[in-house]
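Since the structure comes first, as structure tokens, the remarks are kept for the end.
The values are calculated or read from the model by the stated rules, or taken from the named source; none is laboratory data. Values in this document were obtained by computation on a predicted structure and should not be read as measured data. Here the Cβ positions follow ideal geometry from the backbone for every residue, glycine too, while neighbour counts run over all protein chains shown. Heavy atoms of the whole protein, side chains included, go into the accessibility calculation; ligands, DNA and RNA do not. Shrake-Rupley method; radii C 1.70, N 1.55, O 1.52, S 1.80 Å.
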Amino acid sequence: MNIAATEFNQWLESIAPDVPLRDICTQANLSLSTISEQRSGNRITPNTVISISRAQGLNPAHQLATFLEFESLKTFDLSLKDAVPLCSALELLHHWFVREGKAQPGLAFTVPEARLKRWLEMNRHKASHKDLAYYLEMQPSNFSRQITDGSLPVYRIINLASYLGVSPLPGLIAADYLLFEEVFGQSIQNLLSSTSDQELVRAIEQAGPFLSVDMTHFTSH
């Protein structure tokens, strides 16, 4: 799922009028030859749009959604439930204890490993990895590897999310294509602070399957 060169050129003109492509590439730390090759082949990658958007001070999630191929990114309202696989289950528990006056705020938690795998496990329901791989026309072994190491391409994450009936945006965060703040409009800490007790308790319940591995990760660092 790439972007047509004509659409990409129109977008560039709208966000950086009269700026030479060489300068745009330099600002985004992209190779001019690579972008020129993508344009001539009529296959601009979403990663290119993400990099240029950030370099121009624009939200890449919003900019990507302006392209016809990625319009589906506009249609989702996200909540704490969508953030559960992206943060440590211990962070959710700690925030609850802070609300209860049983812990002090300010404790730092590292980002969990294999977040894309967590995102899939939370959303795949009864679908097997093999079924999902075949849906994406991938070898199951390649699918499992890319889910585990977070290298599944943007377009496959979007297709996978469509099949599962969920937003692809948390999946794109999980695979490090987008930042949490770019999608949710705030940090995880601020999101936790703004949610109700009921929402937080529900999120803690949903994070239960990740608690053991997060505890091991926390105590080893």
statement: (1) at pLDDT below 95; (2) open to solvent by 50 Å² or more (accessible area, probe 1.4 Å); (3) more than 30 Å from residue 166 (Cβ to Cβ) all hold for residue 74 apart from (3)
statement: Just one listed residue, out of 130, 102, 126, is closer than 18 Å to residue 215 by Cβ, surrounded by fewer than 20 Cβ atoms within 10 Å (Cβ to Cβ) and of a type in the set (Lys, Arg), and it is 102
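Yes/no matrix, rows are residues, columns are (1) of a type outside the set (Gly, Ala, Ser); (2) under 14 Å from residue 207 (Cα atoms); (3) in contact with a helix residue (DSSP H, G or I) (Cβ under 8 Å, 6 or more places away or on another chain):
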| site | (1), (2), (3) |
| --- | --- |
| 68 | yes, no, yes |
| 74 | yes, no, no |
| 83 | no, yes, yes |
| 91 | yes, yes, yes |
| 97 | yes, no, no |
| 101 | no, no, no |
| 108 | no, no, no |
| 112 | yes, yes, yes |
| 117 | yes, yes, yes |
task: May I ask you to list pairs of residues, at least six apart or on different chains, whose Cβ atoms are under 6 Å apart, with the first in region 192-221 being surrounded by fewer than 16 Cβ atoms within 10 Å (Cβ to Cβ) and the second being of a type in the set (Gly, Ala, Ser)?
output: 211/89
query: Do we find a residue being surrounded by 16 or more Cβ atoms within 10 Å (Cβ to Cβ), touching a residue at least 40 places away in the same chain (Cβ under 8 Å) and touching a Phe, Trp or Tyr at 6+ places or on another chain (Cβ under 6 Å) anywhere in region 173-183?
result: yes
task: Could you grab me the full set of residues in region 111-159 that are free of Cβ contacts under 8 Å to residues at least 60 places away in the same chain, among the hydroxyl-bearing types (Ser, Thr, Tyr) and in a helix (DSSP H, G or I)?
output: 134, 135, 141, 144, 148
query: Can you name the helices (runs of 4 or more DSSP H) wholly within region 1-68 that have at least 1 residues being more than 28 Å from residue 174 (Cβ to Cβ)?
result: 5-15, 21-27, 32-40
statement: Condition set closer than 16 Å to residue 154 by Cβ and touching a residue at least 40 places away in the same chain (Cβ under 8 Å), scope region 49-58, selection surrounded by the fewest Cβ atoms within 10 Å (Cβ to Cβ): answer is 50
